[in-house]
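Notes follow the structure.
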Amino acid sequence: MDTRTLGQERLEVSEIGLGCMSMTGGYGTPDAEEALATIHRALELGVNFLDTADAYGNGANEELVGRAIRGRRKT
């Protein structure tokens, strides 16, 4: 996966991101297990830019992303 460098901190993010808004509702019935599998597959493919916001599902989206990356985050 190609990356781009952002900002003064030189953060390396994947050129392709995964939009996570619909994973906790908004477009049909959410399926948490499918959403987690999608995020895990994206991570396996080198995606490290997960687009979310606390407004998506009143914070449920960020909780879902947090579950997906637990134990995989580099500090």
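The values are calculated or read from the model by the stated rules, or taken from the named source; none is laboratory data. Bear in mind that the values here come from a model prediction, so they are computed numbers and not experimental data. For neighbour counting, all protein chains shown are included, and Cβ atoms are generated from backbone atoms with ideal geometry for every residue, glycine included. Only protein heavy atoms, including side chains, enter the accessible area calculation; ligands, DNA and RNA are left aside. Shrake-Rupley method; radii C 1.70, N 1.55, O 1.52, S 1.80 Å.
Tabulated data
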| item | result |
| --- | --- |
| Whole-percent carbon and sulfur share, accessible surface of the chain, 1.4 Å | 47 percent |
| Surrounding net charge for ARG4, when Lys and Arg each add one and Asp and Glu each subtract one, Cβ distance under 10 Å | -3 |
| Accessible surface, 1.4 Å probe, highest first, among residues THR5, THR29 | THR29, THR5 |
| Mean Cα-pair separation over length for the chain, i.e. relative contact order, pairs under 8 Å, 6 or more apart, % | 31 percent |
| Ranking by accessible area, most exposed first, for SER14, SER22 with a 1.4 Å probe | SER22, SER14 |
| Three semi-axes of the equivalent ellipsoid, the chain, Cα gyration tensor, whole Å, largest first | 22, 13, 11 |
| Accessible-area order (highest first, 1.4 angstrom probe) of the listed residues ILE69, ILE16 | ILE16, ILE69 |
| Net charge of neighbours whose Cβ lies under 12 Å from the Cβ of LEU43, counting Lys and Arg as +1 and Asp and Glu as -1 | +4 |
